[in-house]
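The values are calculated or read from the model by the stated rules, or taken from the named source; none is laboratory data. Owing to the predicted nature of the structure, the values given are computational and were not obtained by experimental measurement. Here Cβ is always computed from backbone atoms with ideal geometry, including for glycine, and neighbour counts include all displayed protein chains. Side chains included, ligands, DNA and RNA excluded: accessible areas come from the protein's heavy atoms. Shrake-Rupley method; radii C 1.70, N 1.55, O 1.52, S 1.80 Å.
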Amino acid sequence: MAASPVSPASPASVAPLPDRPRVTQLRLSAFAGHRGAVLRFGPLTVLAGPSGSGKTTALRAYDALARLGGGAELGAVFPDPAACVPERARPDAQHRRGFRIGCTADGAAGPVRLDVAVQAEPELRIVGERLTADGVVLLETALRDPGRRTVQAAWHTAGSAPVTRAPLPDDRLGTPLLPLRVAGKTDGQRRVLAAAEQMVVALRSVFACDPRPGRMREPVPTGSGRLLGGCDNLADVLGRTRAECGRRHAQLVAAVRAGCTGPVEDVLAEPVAGGVVRAVLDRGDGIRTGLARLGYGELRYLAHALVLFTGPGVLEVDPVGEVPAALQTLTVLADGFDRGLDVRQRTELLRLAARMCDRGHIRFVGAVADASWTAGADGVTVVHLNP
């Protein structure tokens, strides 16, 4: 799939936050239905295109890079790697096929590029990785001996030796392993560490969100109070967020009131028999409406609003613990962002997303079938995907 030119956001909304690492470009060199696609992201980005244009695939690639950046094993990130190989890709003489993805992270170290080549067949492994900044290759790995479960890595040193070489595992990304391998004694090594840290921080705090109303309607047991990607445990999380921050909860209630039918005085969780809780809307006249009575679009609207008002401490994400929260940005990936929403709901959610992204602590990438309804909205970057 090819990406057509981007509709730029307003300059005031895309003013860079130099101290906050952020992914500004996703490259799908050869991934499923994409070949040579370059997607550029603003703080609030909408991926638009008809069914089959690769919106979900693009979000899947972004989420995969995020998980790899967090140190996840390759097999856990790609349980069905053959599905990521371009359909018409032919195997080489050794019967190998694979895919290539990458991204750019901006921040204090300037633009840093990460490109990854993955072999999917006959066995899953990383066969090449490159981390670059300002045209300088800071880390490069390559598969030299197919019989070994390692890749040969070389990273920039700029000391008595221009590079340092060592083996790295072929089932994990090398970039997040660099802080364990690089001493940081030379300017070159410190440059490598700064670039690697920027990339990892930019990737780590990602929350892939696709609410499933069918599961949100049922009572749930109390647990960690961290929202899952399908928002199944929304009732449990509402109980936590309502108690933790009254101001933020009041804003959530106002947003729900704007997007749901009928009066809404409060949104809360109440215990029911069996040690579980259910989420309800307080109508203000003694009536409490359980989520089981809400429409499909209302439930997806409510879930997205809750996500936009919370942060990594409430969502099921794995932020970089050693980096202050003020230097991190949560990125929400919302597949089917407008699915089931009416005109009022999607307009309200877009306005809410723009407001939260403008503050700088949230970035948002949503997939929609048709982005015409976003026309004229401030701060929205539209990327059109063409089959």
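Within the range 1-116, considering only strands (runs of 3 or more DSSP E) that don't extend past its boundaries, which have at least 2 residues that are closer than 26 Å to P169 by Cβ, modelled with pLDDT of 95 or more and not hydroxyl-bearing (S, T, Y)?
Fully inside the range 1-116 and qualifying: 22-31, 97-106.
Condition test on R130, is it charged (D, E, K, R), surrounded by fewer than 22 Cβ atoms within 10 Å (Cβ to Cβ) and in contact with a Ser or Thr (Cβ under 7 Å, 6 or more places away or on another chain)?
For R130, the condition - charged (D, E, K, R), surrounded by fewer than 22 Cβ atoms within 10 Å (Cβ to Cβ) and in contact with a Ser or Thr (Cβ under 7 Å, 6 or more places away or on another chain) - is not met.
Out of the range 171-190, which residues are more than 18 Å from E73 (Cβ to Cβ), part of a helix (DSSP H, G or I) and either in contact with a helix residue (DSSP H, G or I) (Cβ under 8 Å, 6 or more places away or on another chain) or in contact (Cβ under 8 Å) with a residue 60 or more places away in the chain (or both)?
Of everything in the range 171-190, just one residue is more than 18 Å from E73 (Cβ to Cβ), part of a helix (DSSP H, G or I) and either in contact with a helix residue (DSSP H, G or I) (Cβ under 8 Å, 6 or more places away or on another chain) or in contact (Cβ under 8 Å) with a residue 60 or more places away in the chain (or both), namely P179.
Where residues in the range 258-278 are in contact with a Ser or Thr (Cβ under 8 Å, 6 or more places away or on another chain) and of a type outside the set (A, V, I, L, M), which of them is modelled with the lowest pLDDT?
Checked the range 258-278; the qualifying residue modelled with the lowest pLDDT is G275.
State the number of residues belonging to the range 149-170 that are assigned to a strand (DSSP E or B) and either in contact (Cβ under 8 Å) with a residue 40 or more places away in the chain or touching a His at 6+ places or on another chain (Cβ under 7 Å) (or both).
Count: 1.
Can you name the strands (runs of 3 or more DSSP E) wholly within the range 199-298 that have at least 1 residues being within 26 Å of the chain's Cα centre (by Cα)?
In the range 199-298, 206-209 are the strands (runs of 3 or more DSSP E) which contain 1 or more residues that are within 26 Å of the chain's Cα centre (by Cα).
Only residues in the range 83-94 that are within 18 Å of L124 (Cβ to Cβ) and of a type in the set (A, V, I, L, M) count as the first member; pair them with residues that are at pLDDT 90 or above and open to solvent by less than 70 Å² (accessible area, probe 1.4 Å), Cβ under 6 angstrom, at least 6 apart or cross-chain, and list the lot.
These pairs meet every condition: V85/R97; V85/F99; V85/A120; A89/R97.
List every residue pair whose Cβ atoms sit under 7 Å apart, with the two residues 6 or more apart in sequence or on different chains, where the first one lies in the range 230-247 and is under 18 Å from E265 (Cα atoms) and the second, anywhere, is surrounded by 22 or more Cβ atoms within 10 Å (Cβ to Cβ) and among the hydroxyl-bearing types (S, T, Y).
Hits for this filter: T241/T310.
Just to be sure, is G366 surrounded by fewer than 23 Cβ atoms within 10 Å (Cβ to Cβ) and either under 25 Å from D19 (Cα atoms) or without any contact (Cβ under 8 Å) to a residue 24 or more places away in the chain (or both)?
Criteria not met by G366.
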